[in-house]
């Protein structure tokens with residue numbers, strides 16, 4: 001509620017909440033939010049079944065990868081991601097002639113991911129960790145292996161490779177997301193993305209988990 005207020009919005013204005021997967025850093029506050037304001041929740045059945053912390057949900061709309069949801073002028077298409085969760089997804093959102101591509105919480109960029117993100121005007125991409133910082137950092141070995149696995153998270157380098165593959169002249173904005181506070185540095189993520197973009201000049205910014213991102217008009 002505080003973060004919505006920061007961007008001059010209220011919970012009552014929310015039309016829906018869409019989940020990617022059931023990990024606690026993604027669903028921790030969702031249950032109380034949708035219950036208090038009777039907000040419809042959209043998620044895969046796998047996410048709901050595994051998301052024990054959600055509790056009761058007043059309005060649940062099951063979704064499946066590859067099946068588009070139409071909501072208030074938006075076409076929202078979930079697609080499968082490679083992550084250590086039950087039936088996790090990311091999203092592509094279309095509105096009129098605009099397309100937003102979202103790719104976070106995945107350890108592997110597949111051909112399907114590249115194809116579905118092509119020709120996006122806005123990209124929200126995971127740039128979770130710097131591999132060297134992760135290797136020498138304080139995390140336990142098993143957690144390091146999980147993060148670097150095909151079911152973990154995208155590194156700065158992997159994000160850069162994805163950007164190189166799907167950048168195009170009509171790309172307007174790129175927002176780097178899910179940066180680790182322990183195993184990454186904003187400057188490294190930013191420089192890696194800039195190098196990947198090359199001569200392409202979309203607006204490049206970084207999301208910060210400590211504060212809301214400003215509202216952006218596309």
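Read-outs throughout are calculated quantities, based only on the coordinates presented, and are distinct from any laboratory measurement. Computed from a predicted structure; not experimentally measured. Note that each Cβ is placed from the backbone with ideal geometry, even for glycine, and that neighbours are counted across all protein chains shown.
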Among the residues of region 1-32 satisfying the criterion of being touching a strand residue (DSSP E or B) at 6+ places or on another chain (Cβ under 7 Å) and outside any loop (DSSP other than H, G, I, E, B), which is nearest to residue 84 (Cα to Cα)?
-> 18
Can you spot a residue in region 180-188 that is loosely packed, with under 14 Cβ neighbours inside 10 Å, over 18 Å from the mean Cα position of the chain (by Cα) and in contact (Cβ under 8 Å) with a residue 12 or more places away in the chain?
-> yes
Considering only residues of region 150-162 that are in contact (Cβ under 8 Å) with a residue 60 or more places away in the chain and surrounded by fewer than 21 Cβ atoms within 10 Å (Cβ to Cβ), which is nearest to the chain's Cα centre (by Cα)?
-> 151
Where in region 43-85 are there strands (runs of 3 or more DSSP E), lying wholly inside it, with at least 3 residues that are within 23 Å of residue 25 (Cβ to Cβ)?
-> 60-63, 74-80
Does region 54-71 include one or more residues that are over 18 Å from the mean Cα position of the chain (by Cα), surrounded by 18 or more Cβ atoms within 10 Å (Cβ to Cβ) and farther than 25 Å from residue 97 by Cβ?
-> yes
Could you tell me which residue of region 32-47 is farthest from residue 89 (Cα to Cα), considering only residues that are crowded, with 18+ Cβ neighbours inside 10 Å and in contact with a helix residue (DSSP H, G or I) (Cβ under 7 Å, 6 or more places away or on another chain)?
-> 39
How many residues does region 126-146 hold that are within 16 Å of the chain's Cα centre (by Cα) and free of Cβ contacts under 8 Å to residues at least 40 places away in the same chain?
-> 0
